[in-house]
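Data block below; observations after.
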Amino acid sequence: MNQLKRLKIIIQGAVQGVGFRPFIYRLATELNVKGWVNNSASGVFIEVEGTEIILETFLSRIPQEKPPIAQINTLETTWLDPVNYTCFEIRHSSSGEKTAIVLPDLSTCSDCLQEIFDPNNRRYLYPFTNCTNCGPRYSIIEELPYDRSHTAMKTFTMCKWCQKEYDNPLDRRFHAQPNACPICGPRVQLWDKKGEILANQKNAIYFSIDALKKGEILALKGLGGFQLIVDAKNTESVTKLRQRKHRPHKPFALMYASLEAIKNDCEVNDLEEQLLISPQAPIVLLKSQNKHHLIPEIAPNNPYLGVMLPSTPLHHLLLHTLDFPIVATSGNLAGEPICIDEKEALNRLANIADLFLVHNRPILRPVDDSVVRVMGGREIIIRRARGYAPFPISINDSSLTNILAVGGHLKNTVAILKKNQVFISQHIGDLSTVEALKSFNQVMESLNKLYEFEPEIIVCDAHPDYVSSQYAKAQNLPIITVQHHYAHVLSCLANNNLNPPVLGVAWDGTGYGDDQTIWGGEFLLVKDNTPSLMKGFYERIAYFRTFKLPGGEKAVKDPRRIAISILSEVLGDNDWIKLPFLETMTTKELNLLKQMLSRNLNTPSTSSVGRLFDGVAAMIGICQNISFEGQGAMALEYAINEFKTEQTYPYKIKGSTYPLIIDWQLIIEHIVEDIIKKISHQEIAAKFHNTLVEIIVNIAQKSHEKNILLTGGCFQNKYLTERAIFRLKQEKFIPFLHHNVPPNDGGIALGQIMAAILQKQ
Ligand code: ZN
Ligand code: ZN
Ligand code: FE
């Protein structure tokens, strides 16, 4: 029993840059076992010698006492003969195959926060304070293993005090790679529009605070990119920011100094509170309180606010003395990716910002603020970036590896499969601009470099015109194209670790269909791996009756066109002509549209539920011009405004064999009647949502499947989603939602990877 043994342990998971090695060192010292620990690119390696009992204790205490943010995925052990180690040491990192998990950037911990507000601490008011429990990771890492020489901190040589902390296994900053202090670390500067230095260090922060108080727009080099910041209570300044950013309606995110301040303006439940104060510190969509003191320009016609707490010391320092929340929106022009470099910022943000608060720690990759919304009692990530990316999604065993999926077009993300882990990139954005395309290429390169990844198969959307698809085709690799809504369904499947068979309800704005029309109101039955189905592995068992989009893209931007298209199809020429929403349109415009429709000029057909939402929103007069995707659906959701009704509109399901057609004609006829009867928007919107939910239940019943997956951008709608869950459960179905991968096109890349796996199995 007292015989010496040697135990070798290999741990994989989120175990680097989280204080794992010092934790092992402390445990080994406490139990008086000898040996070593090191970091390799594929995980943490430990060898310990002692008696069997002591070693068993050592082993069992690892998962119990690990650092709070560490996550152990696998722990392998091997018993060996002793080699008589004389001490326990932390050895240098070794290289190896790169599958170790890179941690996301984490918000400032309470210990660090205390230090920056302690006048006696050497890090008093220092904006780059961090430790192994908090601070930057993904935004500063160049390559694995995660060591200082592989990060954006490599050019900053630690002073002797920082080095002492870094070398001391009992210190919170032991091997904290971004460790820094006012003497040796990065510094802030305040610049004017020309890049002339106005102030340094603490003065730069004080001057910035003054500028914010005066209503000026500050471009702030944050953690993963530039943010544009302004006093959220100053109407003039917020309006100015909207004009300069070319962003007329899309809600701005807010940052508050404290949870208490948020609770003054918003309703916050327990889960929402946990999310706000979590190390991920995302933007949480919160219902604003009626008594809130904010100006409507923050989020026009929107009862929800996107709210976050400061996530870096710099943000804490800025907000600490302000008695107002700030708008903190991405530093870009509408539609472009976030800007990460200060020289580039001077150029790109020159017409937006008055001042630039910058620093000299390079940002190696853009990472936006993440967005989450609580629905059905759990959080759903709407935009997955800071705090979450690049944490992988583990999938059921796959015989394949080295697959690259390039995602969709809007809200693009890319993903790679290595072994049974999918690493999804941070949110890149809409690939419509040159800047976005550049960012797409950079993210791809950086993923390849970080994980030493060489794709063997490439997967893309079936849309031939998506730039992501064109990129895929240019790579000269075996290629798999995946239908957009099938990818949505598989994304939800993977996110819930399910296996087919399932019924996927994939509702969104747009996606290229197998029949070359635009899909978006789809019920896809995914069976076991039976390629006997019509198109590979799924069958489109039902979809919405199609309607025309007069002018294509133009109808997306002006949903009155959709309303007119639907109305003239249902009611011919007359009954609807006096609807109030038409007052905003000239007779000439109207006649032109009618001509387009009757002659089928540039009027693509779609089965999209997202567009149906837009059309109905326009019809009842709450949405005329759209400046961002999903605005119509949002307006209709918010129109309900707590109205309670169980009523629905009648609808028809046509056909006796698959695919069934969901005919919305009766819905539209009754909506028009309600408008004429001056029924409130609230009631019409609620009845419309209720009807869509009954359609889901109805098709679920016809499909005879139990597991119902709700996916696509439409399921960011809280009323629709929560009511669908409620009704499906009532009818004994099991509904599944997305969780840590977005239901919108940000989840497409994961679905594409799954499609490739299912196809090759
Ligand atoms: Zn810390
Ligand atoms: Zn230092
Ligand atoms: Fe989509």
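In this structure, is residue 691 assigned by TED's automatic domain parsing to the domain that holds residue 638, crowded, with 19+ Cβ neighbours inside 10 Å, modelled with pLDDT of 95 or more and under 30 Å from residue 656 (Cα atoms)?
In short, yes.
Looking at region 581-603, can you tell me whether even one residue there is under 17 Å from residue 509 (Cα atoms) and either among the hydroxyl-bearing types (Ser, Thr, Tyr) or modelled with pLDDT under 95 (or both)?
Yes; the residues of region 581-603 include at least one that is under 17 Å from residue 509 (Cα atoms) and either among the hydroxyl-bearing types (Ser, Thr, Tyr) or modelled with pLDDT under 95 (or both).
Give region 489-511 a look and list any residue that's in a helix (DSSP H, G or I) and either under 16 Å from residue 734 (Cα atoms) or more than 12 Å from ligand 3 (Cβ to nearest atom) (or both), or say none.
Scanning region 489-511 gives 489, 490, 492, 493, 494, 495.
Which members of region 594-648 meet the condition of being closer than 23 Å to residue 727 by Cα, of a type in the set (Asp, Glu) and in a loop (DSSP other than H, G, I, E, B)?
642, 646
What residue, among those in region 183-197 that are closer than 16 Å to residue 108 by Cβ and of a type outside the set (Val, Ile, Thr), is nearest to ligand 2 (Cβ to nearest atom)?
Within region 183-197, the match that is nearest to ligand 2 (Cβ to nearest atom) is 185.
Mind checking whether some residue in region 730-745 is β-branched (Val, Ile, Thr), within 30 Å of the chain's Cα centre (by Cα), more than 16 Å from ligand 2 (Cβ to nearest atom) and buried (at least 24 other Cβ atoms within 10 Å of the Cβ)?
Scanning region 730-745 turns up at least one residue that is β-branched (Val, Ile, Thr), within 30 Å of the chain's Cα centre (by Cα), more than 16 Å from ligand 2 (Cβ to nearest atom) and buried (at least 24 other Cβ atoms within 10 Å of the Cβ).
Yes or no: residue 493 modelled with pLDDT of 95 or more and not hydroxyl-bearing (Ser, Thr, Tyr)? Outline the logic, then answer.
Details: modelled with pLDDT of 95 or more: yes; not hydroxyl-bearing (Ser, Thr, Tyr): yes.
Criteria met by residue 493.
From the list 364, 314, 346, pick out the single residue that is more than 24 Å from residue 242 (Cα to Cα), crowded, with 19+ Cβ neighbours inside 10 Å, in contact with a Gly (Cβ under 8 Å, 6 or more places away or on another chain) and not acidic (Asp, Glu).
Within the list 364, 314, 346, the selection yields 314.
Scanning for something surrounded by fewer than 22 Cβ atoms within 10 Å (Cβ to Cβ) and touching a residue at least 40 places away in the same chain (Cβ under 8 Å), does region 380-390 turn up at least one residue?
Checked against the condition, which is being surrounded by fewer than 22 Cβ atoms within 10 Å (Cβ to Cβ) and touching a residue at least 40 places away in the same chain (Cβ under 8 Å), region 380-390 yields no hits at all.
Name the residues in region 90-117 that are at pLDDT 90 or above and of a type outside the set (S, T, N, Q), would you?
The answer is 104, 105, 106, 109, 111, 112, 113, 115, 116, 117.
Give the residue that is nearest to the chain's Cα centre (by Cα), with candidates limited to residues of region 110-160 that are loosely packed, with under 14 Cβ neighbours inside 10 Å and part of a helix (DSSP H, G or I).
Filtering region 110-160 for residues that are loosely packed, with under 14 Cβ neighbours inside 10 Å and part of a helix (DSSP H, G or I), the one nearest to the chain's Cα centre (by Cα) comes out as 110.
Has region 79-95 got at least one residue that is of a type outside the set (A, V, I, L, M), within 16 Å of ligand 1 (Cβ to nearest atom), exposed (fewer than 14 other Cβ atoms within 10 Å of the Cβ) and touching a residue at least 12 places away in the same chain (Cβ under 8 Å)? Walk me through how you get there before you give the answer.
Step one: list which residues in region 79-95 are of a type outside the set (A, V, I, L, M), which gives 79, 81-82, 84-89, 91-95.
Remaining after also requiring within 16 Å of ligand 1 (Cβ to nearest atom): none.
The answer is no, given that none of the residues of region 79-95 is of a type outside the set (A, V, I, L, M), within 16 Å of ligand 1 (Cβ to nearest atom), exposed (fewer than 14 other Cβ atoms within 10 Å of the Cβ) and touching a residue at least 12 places away in the same chain (Cβ under 8 Å).
Which residue pairs have Cβ atoms closer than 9 Å, lie 6 or more positions apart in sequence or on different chains, and pair a first residue in region 190-212 that is acidic (Asp, Glu) with a second residue that is in a strand (DSSP E or B)?
192/198; 192/355; 192/356
Which condition from (1) surrounded by fewer than 20 Cβ atoms within 10 Å (Cβ to Cβ); (2) in a helix (DSSP H, G or I) is the one that residue 481 breaks?
Against the list (1) surrounded by fewer than 20 Cβ atoms within 10 Å (Cβ to Cβ); (2) in a helix (DSSP H, G or I), residue 481 comes up short only on (2).
Restricting attention to region 332-349, and to residues there that are among the small types (Gly, Ala, Ser) and over 17 Å from the mean Cα position of the chain (by Cα), which single residue is farthest from residue 627 (Cα to Cα)?
Of everything passing the filter in region 332-349, 345 is farthest from residue 627 (Cα to Cα).
The values are calculated or read from the model by the stated rules, or taken from the named source; none is laboratory data. Values in this document were obtained by computation on a predicted structure and should not be read as measured data. Glycine gets a Cβ as well: all are built from the backbone with ideal geometry, and neighbour counts include every protein chain shown.
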